[in-house]
Amino acid sequence: MNKFIIAGNWKMNTTITDGVEIAKNIALNVDQIANLKSKIIICPPFTHIYSIFKEVCKSKISVGAQNCYFEQKGAFTGEISVDMLKAVECQYIIVGHSERRLYFKESNSDINKKIKAILTNKLNTILCIGETLEQRKNGTTFDVLKKQLDECLADISEEEIKNIVIAYEPVWAIGTGVSASINEVKEAHDWMRSYFEKKYPNAGKDIYLLYGGSLNDKNAPEILAVENVNGGLIGGAALVPEKFLSIIDTAEKLSV
Ligand code: 13P
């Protein structure tokens, strides 16, 4: 079992040419780490996935997607199914990112259907949850997180949860350059751990709980050292190989 998962969410960034170069650079450097202890995932735009897979498939990097649709096929113009992602060698799929909830009106029930489609295809899910600034200010953070987890994970068994990674991403910390404080990270991750230990008595203690939201090469040593933080989901810094590699290096140092 890896101590940390370090995942890059590239969002809607890079041309395919630039993306392949970034992925090659990361893979080349990661492959030089003897005895790699972390799981490294990059989630580029859909159009880049297969080209990047072909570049990195012999490396220690896994490739993921940023979204999927829950139906298998049919008249759903513009959507991409889990089967299609599996066919281009995706191993992980991010669902429930706050940008999808906000701009594309995704509900917890949509996300639950996506997770079930991912499980059916035996791929891994990275489920994002997190409160807005308004919710944090009015003291409802943990009610929001509980509702998101209860509804997104409705009818997910103890066996199935082993294929799901959780990413706590406070919406107010995403892309702002200001991460949650260490105390806020610790409080949320301790809360999630106890939620999962109660809900899944056997699997709960081992579920990966990633932090996301302005995680970078500078704050990674402090954030990844927090108990119950099992890695990071990284946006901006994942597009800069030196920064992403520095976060990986931090995770490796903390893994010994
Ligand atoms: P930033 O690291 O750019 O804040 O983005 C975080 C995120 O949304 C990852 O999914």
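Restricting attention to the chain, close to 0% of DSSP beta bridges with both partner residues there are antiparallel.
If you run the Gaussian network model on the chain, springs between alpha carbon atoms under 10 Å, then out of Cys57, Cys90, Cys152 the most flexible one is Cys57. What does the helix-only formula give at 222 nm for the chain: each DSSP H stretch with n ≥ 4 adding -39500 (n - 2.57), the total divided by the residues, and the result rounded to the nearest 500 deg cm²/dmol? Theoretical 222 nm ellipticity from helices: -12000 deg cm²/dmol.
The aspartates and glutamates within cross-link reach of Lys116, meaning a Cα-to-Cα straight distance under 15 Å and a gap of 8 or more places when in the same chain, are Glu71, Asp83, Asp150, Glu151, Asp155, Glu158, Glu159, Glu160.
Extension gain, Glu89 to Glu21, is 22.6 nm, computed as 0.36 nm per intervening residue step minus the present C-alpha separation. Shown here for region 68-133: chymotrypsin sites (Phe, Trp or Tyr not before Pro) in loop regions (DSSP other than H, G, I, E, B) with at most 12 other Cβ atoms within 10 Å, namely Phe76, Phe104. Among Leu28, Leu233, Leu102, the largest mean-square fluctuation in a Gaussian network model of the chain, built with springs joining Cα atoms closer than 10 Å, belongs to Leu102.
The fraction of all Cα pairs in region 1-130 landing in successive 10 Å bins from 0 to the largest distance is 12, 43, 34, 10, 1, given as whole percents.
Across the chain, the relative contact order, built from alpha-carbon pairs under 8 Å that are at least six residues apart, equals 21 percent. Pairs from the table (Lys60/Lys199; Lys60/Lys162; Lys11/Lys113; Lys122/Lys205) lying more than 29 angstrom apart at Cα are Lys60/Lys199. Taking Cα centre as origin and charging only the Cβ of basic (Lys, Arg, +1) and acidic (Asp, Glu, -1) residues, the dipole magnitude of region 173-235 rounds to 180 debye.
Rounded, prolate or oblate, given the Cα gyration tensor of the chain, with a/c below 1.5 counting as rounded? Taking the square roots of the gyration eigenvalues as a ≥ b ≥ c, the chain is rounded.
FYI, it's all coordinate maths here, none of it is from the lab. All values reported here derive from a predicted model rather than from experimental measurement. Positions of Cβ are backbone-derived with ideal geometry, glycine not excepted, and every protein chain shown enters the neighbour counts.
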